[in-house]
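Throughout, read-outs are computed from the coordinates displayed, never taken from laboratory work. Everything numeric here is computed off the predicted structure, so don't read it as measured data. Backbone-built Cβ (ideal geometry, glycine too); neighbour counts: all protein chains shown.
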Ligand code: PMP
């Protein structure tokens, strides 16, 4: 039985209860974060809390806790669950109103919910062989930089990958790569790591930002710029990145091989740097 946190109380997940008038349920009106913890230590916590703050501000939802209080709640959820490596899910919605209406409740009492699951990192076979992806037109809204719980488009797009036996759906808008349904995407061309710029059309991934930091500190040539669909399809390497996938090579797109159809050398190097950095920050002993 896993332990969760709901509005100030720590309790078993199976006992957590919410009003059906909660605006998270009715409207997808809320923000969330997924924070990986290694050896029970949250990784890049300050960055996740800063992104949460940014989403809440854009949703005009007051942040219910200062960073220190978030850190305490997250520590309690991690301590209350049995896994050494966890994926902590945190959500803040605009809470319940007395009736269903679009306008914000006055006063607003946000609902704060956290739970944790074992961290589902890719296995060695997936890392060694890479994964397949499909592509789709990115028909999401124009604020994909916000991490909101309104993920219906992402779910429909990810389901296309699942039904094709693939790991991810790469999204293109107006001929350019945005991101994956639940990950950021990198391309490698002629030895240069390419990442689409941060803008309103994609999530500023915590993993993406760290990968760019690692590329800079290890001297891997990299460029942040718009990447055309043609450049993606003819790339030497493609990677999907996220807090739970870390750096995972994509070896086919829509059934066509990427590069030689095997995980690339730059992916292997970056994955090593990522794990070294992560372990230095979090692992005990
Ligand atoms: N883009 C989308 C749409 C996502 O849902 C996610 C996280 N699952 C990411 C990118 C990666 O973000 P992060 O590295 O912060 O996990």
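The table below gives the values:
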{"quantity": "Tilt relative to the chain, helix 152-163 - C-alpha long axis, 0 to 90 degrees, to 10", "calculated": "50 degrees"}
{"quantity": "Residue 225/residue 57 FRET efficiency (R0 35 Å; Cβ-Cβ; nearest 0.05)", "calculated": "0.80"}
{"quantity": "Protection proxy ranking, peptides 11-24, 247-260, average beta carbon neighbours within 10 Å, highest first", "calculated": "247-260, 11-24"}
{"quantity": "Gain upon complete extension [residue 269, residue 150; 0.36 nm per residue less C-alpha separation]", "calculated": "39.3 nm"}
{"quantity": "Global geometry of the range 108-243, whether rounded, prolate or oblate, following the gyration tensor of its Cα atoms and the 1.5 cut on a/c", "calculated": "rounded"}
{"quantity": "Fraction in percent of alpha-carbon pairs per bin - 10 Å, the range 131-199", "calculated": "20, 51, 26, 3"}
{"quantity": "MRE, 222 nm, helices only [DSSP H, n ≥ 4, -39500 (n - 2.57), over the chain, to nearest 500]", "calculated": "-9000 deg cm²/dmol"}
{"quantity": "Projected label distance in nm at residue 217 and residue 199, using a 7 Å step from Cα toward the beta-carbon", "calculated": "3.0 nm"}
{"quantity": "Per-pair calculated FRET efficiency, R0 = 45 Å: residue 190 and residue 39 via Cβ, rounded to 0.05", "calculated": "0.75"}
{"quantity": "Share of alpha-carbon pairs per 5 Å distance bin for the chain, given as whole %", "calculated": "1, 5, 12, 15, 17, 16, 14, 9, 6, 3, 1, 0"}
{"quantity": "Label point distance in nm, residue 101-residue 25, each placed 7 Å from Cα along Cα→Cβ", "calculated": "2.0 nm"}
{"quantity": "Acute angle (nearest 10 degrees) that the helix 265-282 long axis makes with the longest principal axis of the chain, alpha-carbon atoms", "calculated": "30 degrees"}
{"quantity": "Pairwise FRET efficiency - residue 262 versus residue 163, Cβ, R0 = 22 Å, nearest 0.05", "calculated": "0.30"}
{"quantity": "The range 178-285: C-alpha pair distances exceeding 20 Å, %", "calculated": "35 percent"}
{"quantity": "Ranked by how many other beta carbons lie within 10 Å on average, peptides 137-148, 184-195 from highest", "calculated": "184-195, 137-148"}
